[in-house]
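The values are calculated or read from the model by the stated rules, or taken from the named source; none is laboratory data. These numbers were taken from a predicted model, which means no experiment stands behind them. Note that we place each Cβ from the backbone using ideal geometry, even for glycine, and neighbour counts take in every protein chain shown. For the accessible areas, the whole protein counts, side chains as well, though only heavy atoms, and no ligand, DNA or RNA atoms are used. Shrake-Rupley method; radii C 1.70, N 1.55, O 1.52, S 1.80 Å.
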Amino acid sequence: MIYGLLLIALIIGVPIAFALAGTLMIFMLTGDFPYHIRIVAQEMFSGIRSFPLLAIPLFILAGELMNAAGITSRIIDLANAIVGRLKAGLAHVNIWASVIFAGLSGSAIADTSSLGRVFIPEMESHGYKRDFATALTAASSVIGPIIPPSIPVIIYALTVTGVSVPGLFLAGVVPGLLLALGLSAYVYLLAGKTHLQEERDARFSRRKALMRGFIPVFMPVFVVGSILLGIVTPTEAAAFAVVYALVVGLVLYRSIKIKQLPGIFSRAMTDSAIILIIIAAVSAGNWLLTFNRIPNQITDTVLAYVTSPWTFLIACNVLLLIVGLFLEGTAAMLVLVPILHPIAISLGIDPTHFGIVVIFNLMIGLITPPLGLCLFVSDAISGVGMARLTKALIPMLMVELLVLMLITFVPTLTTILPRLAGY
């Protein structure tokens with residue numbers, strides 16, 4: 001009953017948090033649950049009454065501040081200094097700028113919005129088709145939530161499974177780089193067929209670009225490094241990131257004015273509230289599922305028919321890719337992982353490996369129609385049209401699915417760095 005009501009609510013367009021909370025209330029009102037209103041309220045507040053969860057709004061705020069500080073041009077110049085000399089250099093710069101930007105925001109949507117406004121018109125002016133430039137910007141933005149620091153990783157580790165945050169951070173490095181290399185390989189092969197080679201600006205200074213890019217890149221290196229070394233917790237590192245971004249924007253670059261701060265804080269609070277409301281509603285729903293032993297029943301049923309870890313991983317990939325078509329990644333993660341995670345553990349699947357596979361799947365959902373958020377953002381910037389954008393995106397989506405298969409069936413790609421670091 002509860003899943004049927006939830007499905008109906010989502011189909012008619014009810015926001016995920018209210019769909020979950022409303023379904024839960026209806027189920028409890030019709031069942032034998034004393035003090036049901038109090039239970040729902042208690043479980044919702046218990047779900048977000050957590051010091052580690054403060055890392056989420058703090059990292060969001062740090063990303064907003066760094067964006068407002070105008071670091072996008074510095075990141076682009078840094079990427080240009082690294083890969084700009086390759087054939088179809090500007091397309092490679094687009095991809096590797098996303099890798100660098102990933103260490104600042106941890107958000108695919110922020111990546112698409114910030115870099116897309118620069119790269120889409122710039123690539124078009126250098127002879128690239130507008131739909132290709134838009135598709136590449138959307139496809140490369142998926143790297144953002146995979147390479148640390150990553151907001152989805154924090155949500156997965158702290159609110160769903162209790163897996164080590166530093167371990168998951170390290171586990172995302174190789175898949176993120178593989179994704180960037182895969183997209184670069186596709187661009188390089190495509191450039192060879194189309195003979196695309198733009199002129200390099202003679203005034204461009206590689207040394208100056210590297211110097212200008214040091215300050216933005218230092219933040220994620222310090223934040224992730226301090227977490228991995230055990231010096232600070234993720235929440236404390238996020239607080240440092242906010243202070244660092246404020247100093248960079250207000251003092252060093254002087255690109256942020258005091259009067260802009262209320263707007264920046266307001267946007268960060270809005271984005272944080274959306275995530276935390278979903279977490280609160282899902283926490284209450286998870287309590288109900290646990291109370292009725294539904295995860296245990298599902299685990300026992302699945303294990304009765306599925307005995308191979310590989311079969312289970314294939315089924316999870318299919319399920320998550322389908323769910324990602326219609327449901328936002330954070331919501332899908334919070335709803336599905338409490339059910340899937342115990343089954344994965346029972347089958348002997350490494351929890352860190354499983355976590356990255358889940359996150360990678362759901363991030364691909366950000367660029368798949370009909371409801372991929374990064375598709376909507378990139379299309380809003382370029383105005384190319386969803387049909388043309390989707391057609392240009394299909395080969396890049398195939399590259400991302402290939403990388404997904406690699407990290408699914410070669411667990412070492414995700415576990416090697418955490419194991420070397422002792423996680």
_In segment 303-347, the residues that are open to solvent by 40 Å² or more (accessible area, probe 1.4 Å) and of a type in the set (Val, Ile, Thr)_ = Thr307, Thr311, Ile314, Val318, Ile322, Ile345
_With the requirement that a residue be in contact (Cβ under 8 Å) with a residue 60 or more places away in the chain and either among the aromatic types (Phe, Trp, Tyr) or over 18 Å from Pro220 (Cα atoms) (or both), what does segment 239-273 give you?_
Tyr244, Tyr253, Ser255, Ile256, Gln260, Ile264, Phe265, Arg267, Ala268, Met269, Asp271, Ser272
*Any idea which of Val142, Val118 is of a type in the set (A, V, I, L, M) and at pLDDT below 85?*
Val118
*Select from segment 216-230 the residues that are surrounded by fewer than 16 Cβ atoms within 10 Å (Cβ to Cβ) and within 14 Å of Ile100 (Cβ to Cβ) and list them in ascending order.*
Phe218, Val221
*Determine whether Ile359 is of a type outside the set (Asp, Glu) and surrounded by fewer than 24 Cβ atoms within 10 Å (Cβ to Cβ).*
no
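Okay, residues lined up against (1) open to solvent by 20 Å² or more (accessible area, probe 1.4 Å); (2) touching a Pro at 6+ places or on another chain (Cβ under 8 Å); (3) assigned to a helix (DSSP H, G or I); (4) not acidic (Asp, Glu):
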site: Ile56; (1), (2), (3), (4): no, no, yes, yes
site: Arg74; (1), (2), (3), (4): yes, yes, yes, yes
site: Lys87; (1), (2), (3), (4): yes, no, no, yes
site: Ala102; (1), (2), (3), (4): no, yes, yes, yes
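Could we say that Phe291 is aromatic (Phe, Trp, Tyr), modelled with pLDDT under 80 and touching a Gly at 6+ places or on another chain (Cβ under 9 Å) here? Show your work before the answer.
Values: aromatic (Phe, Trp, Tyr): yes; modelled with pLDDT under 80: yes; touching a Gly at 6+ places or on another chain (Cβ under 9 Å): no.
For Phe291, the condition - aromatic (Phe, Trp, Tyr), modelled with pLDDT under 80 and touching a Gly at 6+ places or on another chain (Cβ under 9 Å) - is not met.
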*Within the set of pairs 6+ apart or on separate chains, which have a first residue in segment 396-407 that is over 14 Å from Ser140 (Cα atoms), a second that is part of a helix (DSSP H, G or I) and open to solvent by 10 Å² or more (accessible area, probe 1.4 Å), and C-beta atoms under 7 Å apart?*
Leu402/Gly182; Leu406/Leu178; Leu406/Leu413; Ile407/Leu413
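Kindly evaluate Ile381 against the criterion of being surrounded by 14 or more Cβ atoms within 10 Å (Cβ to Cβ), β-branched (Val, Ile, Thr) and more than 22 Å from Leu115 (Cβ to Cβ).
Judged against the criteria, Ile381 is not a match.
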*asked:* Out of Ala157, Ala91, Ala171, I need the residue that is in contact (Cβ under 8 Å) with a residue 12 or more places away in the chain and closer than 20 Å to Val377 by Cβ. Which one?
replied: Ala91
*So is Tyr3 on the phi > 0 side of the Ramachandran plot, modelled with pLDDT under 70 and open to solvent by 90 Å² or more (accessible area, probe 1.4 Å) or not?*
no
_Which condition from (1) out of contact with any Asp or Glu (no Cβ under 6 Å at 6 or more places or on another chain); (2) closer than 17 Å to Asn317 by Cβ; (3) buried (at least 18 other Cβ atoms within 10 Å of the Cβ) is the one that Ile364 breaks?_
(1)
